[in-house]
Amino acid sequence: SSNLTVAGTGSNLTLPQVTNGLNNFTISRAAGVTISDTRNLTVNGTLTNSVGNAALTLKSTSSGTGSLIHNTANVPATIQRYVTGSSNLTAMMYHMVSVPLVTTNNSTSNLFFGSYLCDFTQSTNSWNALGAPTNTPLDETRGYMTYYPAGANTTYSFEGPINNGSFTALTSATAPYGANLGWNLVPNPYPSAIDWNAASGWTKTNIGGSIYFWPA
């Protein structure tokens, strides 16, 4: 591992692939850094972004989404999420999404502006449309379902302090859908992929071993 500092003036820097990870990574240049849609970055030491949300961007396109694994709390960043859409509402272009920001961010539904947005209630086994308002409070500990009806695709942007370390998702198992019959929409809270079958690193208490995802 090595240290990397991005400082001074200049244009936005797109990071090359860092396969072995960085020790400490510091961003103090306003133009900032972009982790492109095909790149993965691991920061094993301290990640410092003293400039703001726009100075660290994880790019997302049809080719993929940039990935960041880090160990520093409350790092400001912008995480993009590309999704496909369709004006044909029978095309089933649904996406299960999460807000990969800290739970104190007070996120609202404007993050998914232009999309239909639903949450899921385990106790009634039902989807609930959140309606048209863009100021509906969202819960970063739960997942959501979106449908973008205005075109072939769109890109959501989540700006704020990003998650790292321990995280507890909102799950429940209450009647009449309890006793191993309940479904929960569990979010991925991190700016990276997660390994559902990892032998260590997380605990799935009272959660079955199977996962289901929408193929759109």
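The values are calculated or read from the model by the stated rules, or taken from the named source; none is laboratory data. Owing to the predicted nature of the structure, the values given are computational and were not obtained by experimental measurement. Cβ placement follows ideal geometry from the backbone for every residue including glycine, while neighbour counts extend to all protein chains displayed. Each accessible area value is taken on the protein alone, full model and side chains, heavy atoms only, with ligands, DNA and RNA left out. Shrake-Rupley method; radii C 1.70, N 1.55, O 1.52, S 1.80 Å.
Brief remarks follow.
- Set Asn110, Asn184: member being farther than 19 Å from Leu58 by Cβ, in contact (Cβ under 8 Å) with a residue 24 or more places away in the chain, open to solvent by 30 Å² or more (accessible area, probe 1.4 Å) and not in a loop (DSSP other than H, G, I, E, B): Asn110
- Top-ranked residue in the range 83-100 [being touching a residue at least 24 places away in the same chain (Cβ under 8 Å) and open to solvent by 60 Å² or more (accessible area, probe 1.4 Å); ranked as nearest to Ala30 (Cα to Cα)]: Met96
- Among the residues of this structure, Thr103 counts as one that is without any contact (Cβ under 8 Å) to a residue 40 or more places away in the chain, surrounded by fewer than 18 Cβ atoms within 10 Å (Cβ to Cβ) and either within 13 Å of the chain's Cα centre (by Cα) or not in a loop (DSSP other than H, G, I, E, B) (or both).
Every residue, every condition in (1) within 14 Å of the chain's Cα centre (by Cα); (2) at pLDDT below 95; (3) assigned to a helix (DSSP H, G or I), yes or no:
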position	(1), (2), (3)
Ser2	no, yes, no
Gly8	no, yes, no
Thr42	no, yes, no
Thr57	yes, no, no
Thr72	no, no, no
Ser87	no, no, no
Met92	no, yes, no
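- The listed residue being more than 30 Å from Ala73 (Cα to Cα), polar (S, T, N, Q) and open to solvent by less than 60 Å² (accessible area, probe 1.4 Å), out of Ser126, Ser157: Ser126
- Across the range 10-40, the qualifying residues are those that are open to solvent by less than 20 Å² (accessible area, probe 1.4 Å) and assigned to a strand (DSSP E or B), and the one among them that is nearest to Ser60 (Cα to Cα) is Ile35.
- Residues considered: Ala150, Ala169. Of these, the only one that is over 20 Å from Trp183 (Cβ atoms), open to solvent by 20 Å² or more (accessible area, probe 1.4 Å) and among the small types (Gly, Ala, Ser) is Ala150.
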